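What follows is a single structure, written as structure tokens, with notes after it.
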Amino acid sequence: METLIMVGQLLLGLSILVGLHELGHLLTAKMFGMRVEKFSIGFPPKIAGFQWGETEYSIGAIPLGGFVKISGMVDESMDTAQLATEPQPWEFRSKPAWQRLIVMLGGIIVNVITGIIIFVSLVYKNGETYFSREQVIENGIVAYEYGEAIGLQTGDKILDINGEPYQSITELTSGAALLSENGYYSVERNGEVIQVEIPRGFINTFNSEEAFSKFVSIRFPFEVGEVDKGSGAEAAGIQVGDKILSVNGQEIQYFDEMQSALKGLVNQSAQIVRQKGAATDTLTIPVTADARIGIAVQPLVEPVRREYGIGESLSKGTSRAFGVVIVNAKALGKMFTGEVSAKNVSGPIGMAKIYGNSWDWTKFWSITGLISMILAFMNLLPIPALDGGHVMFLLYEMVSGRAPSDKFLENAQKVGMVILLALMVFAIGNDILKLFTGS
């Protein structure tokens with residue numbers, strides 16, 4: 001069932017984005033009087049379809065893309081028979097270059113608009129919930145495996161990223177931070193301000209959702225939030241709302257301190273000083289093999305919750321949408337230098353895993369908005385067979401006054417298809433490798 005949920009979310013998300021992308025081409029083509037022969041979500045073989053006017057609308061069995069077939073255009077169908085005849089008024093090739101350019105940009109523009117609408121809507125509906133810079137500075141961080149690897153320590157107070165203050169703790173692992181040149185965190189440690197370098201290629205560490213949990217989190221004081229039935233804590237009289245002041249003489253202020261103290265007392269008894277109201281007492285509680293005494297804790301640091309009006313949502317949502325494009329452009333550039341590993345490229349399996357195995361509409365739309373902006377960026381790359389390849393040739397025509405020959409465009413399309421197929425094989429290969437290696 002979990003696999004079906006992942007696949008279902010992927011197919012729904014891609015169907016929406018591909019359908020809207022191709023609709024952008026269709027509408028702009030029809031706007032300029034071009035004949036659109038086919039509109040398909042998914043690649044052949046055709047599962048279902050219908051004819052409406054001059055256009056056949058269909059759904060293909062391979063749900064990894066889609067296409068529109070415009071009369072008189074050299075495209076991925078490689079149907080060039082009609083190019084041997086004289087251009088007709090309704091054909092793509094008979095229209096002015098600026099109209100053809102708008103048609104080729106139509107899908108990209110729609111994907112950008114879709115991404116912006118999704119991000120703006122999410123900001124307006126949900127606002128933001130986060131631990132702020134001020135809370136991090138007040139309480140410090142807990143440094144886990146990946147944080148310790150670059151020199152961060154539990155208790156550090158992160159002041160800024162590359163000399164600039166941040167708003168949310170999530171920005172510490174944002175693409176903008178991890179892809180910056182000579183990046184660093186300014187950290188207050190024991191009253192001294194030091195710089196902790198963000199190593200080149202550190203972004204490759206964050207290749208899964210689990211990886212982010214191995215970096216840092218906010219340090220928080222706590223009280224008892226729940227007591228397990230039948231546990232040592234219940235037998236000793238621990239109750240909800242109690243506070244733990246010390247473990248075997250070690251003073252406890254933060255939850256990570258209690259965890260650390262209990263790890264050293266596995267399968268032993270711990271002397272717990274408990275505060276109940278204004279009174280304190282000492283309890284003897286056995287520590288289990290997994291370093292627990294049978295309580296769940298309630299953090300005493302509440303995340304910041306902010307709501308935004310429509311104007312702020314438009315600004316913040318649009319900024320987030322284009323931030324995705326900027327980060328992906330930086331990552332692509334650093335991939336060519338080797339700083340970002342090509343292993344981070346994911347195919348359909350990786351995308352399905354990002355959606356996750358539970359259906360959460362907020363997460364679904366967040367990821368769909370993200371993919372919409374990435375699709376717009378990737379489609380704009382100057383690779384023949386992508387929209388960006390057509391745009392490149394059209395710009396050449398508009399600047400030089402000479403259109404590339406149909407034969408050249410046909411051969412370029414073939415080269416582009418080979419490149420895209422190779423990239424698809426590489427991405428799917430990465431997905432399969434990650435399944436076997438668990439990375």
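Seen from all directions on average, segment 1-120 presents a Cα convex hull projection of 8.9 nm². Net length available on complete extension from Met31 to Glu223 is 62.7 nm, with 0.36 nm assigned per residue and the Cα-Cα distance removed.
The spread of Cα positions in segment 211-326, taken along each principal axis and listed from longest to shortest, comes to 56, 32, 26 Å. Note on Asn207 and Leu421: with the Förster distance fixed at 25 Å, the Cβ-Cβ geometry gives a FRET efficiency of about 0.55. On the beta carbon distance between Val325 and Gln271, with R0 = 45 Å, the FRET formula returns roughly 0.20.
For segment 134-249, the extents of the C-alpha atoms along the principal axes are 55, 34, 25 Å, listed from largest to smallest.
The GluC sites (Glu not before Pro) found in segment 1-56 that occupy coil by DSSP, while having at most 13 further C-beta atoms within 10 Å, are Glu54. When the chain is described by a simple charge dipole with +1 on each Lys and Arg Cβ and -1 on each Asp and Glu Cβ, the residue from Phe255, Ser366, Gln268 located farthest towards its positive end is Ser366. Return the loop-located GluC sites (Glu not before Pro) in segment 284-390 (DSSP other than H, G, I, E, B) with at most 12 other Cβ atoms within 10 Å of their own Cβ; answer none if there are none. Here the GluC sites (Glu not before Pro) that fit, given the DSSP loop and packing criteria, are Glu307.
For the chain, the relative contact order is 18 percent, taking Cα pairs closer than 8 Å that sit 6 or more residues apart in sequence and dividing their mean separation by the residue count. When the trypsin sites (Lys or Arg not before Pro) in segment 184-235 are filtered for DSSP coil states and for at most 12 other beta-carbon atoms within 10 Å of their beta-carbon, the remaining sites are Lys229. Charges on Cβ only, +1 for Lys and Arg, -1 for Asp and Glu, centred on the Cα centroid of the chain; of Phe119, Gly151, Ile285, which one is farthest towards the dipole's positive end? After comparing all options, I get Phe119. As a ratio to 2.2 N^0.38 Å, the alpha-carbon radius of gyration computed for segment 282-439 takes the value 1.58.
Seen from Pro303, the other residues with C-beta closer than 15 Å to its C-beta sum to a net charge of -2, counting Lys and Arg as +1 and Asp and Glu as -1.
Radius of gyration over Kirkwood radius for the chain, both on Cα atoms: the Rg/Rh ratio is 1.09. Please report how far the C-alpha centroid of segment 146-160 lies from that of segment 170-219, rounded to the nearest whole angstrom. About 8 Å separates the Cα centre of segment 146-160 from the one of segment 170-219. Between Ile47 and Ile59, Gly60, Ala61, the built amide H atoms are under 5 Å apart, and every one of these is 5 or more places off in sequence or on another chain. When only the Cβ of Lys, Arg, Asp and Glu is charged (+1, +1, -1, -1), the dipole of segment 339-439 relative to its Cα centre reaches about 200 debye.
Taking a Cβ cut-off of under 13 Å around Leu370, the surrounding Lys, Arg, Asp and Glu residues balance to a net charge of +2, with basic ones at +1 and acidic ones at -1.
Per-residue extension of 0.36 nm, minus the Cα-Cα distance of Thr288 and Ser94, leaves a gain of 62.0 nm for this segment. The string of couplings for segment 192-199 from the Karplus curve (6.51, -1.76, 1.60, θ = phi - 60°) is 10, 9, 10, 10, 10, 5, 8, x Hz, one whole number per residue in order, with x for Gly and Pro.
Assuming charge only on the beta carbon of Lys and Arg (+1) and of Asp and Glu (-1), the dipole of the chain about its Cα centre is about 960 debye to the nearest 20.
Just so you know, all these numbers are worked out from the coordinates, no wet-lab data involved. As the structure is a prediction and not an experimental result, all values here were calculated from the model. Because the Cβ atoms are built from the backbone with ideal geometry, glycine has one as well, and the counts that use them run over all protein chains shown.
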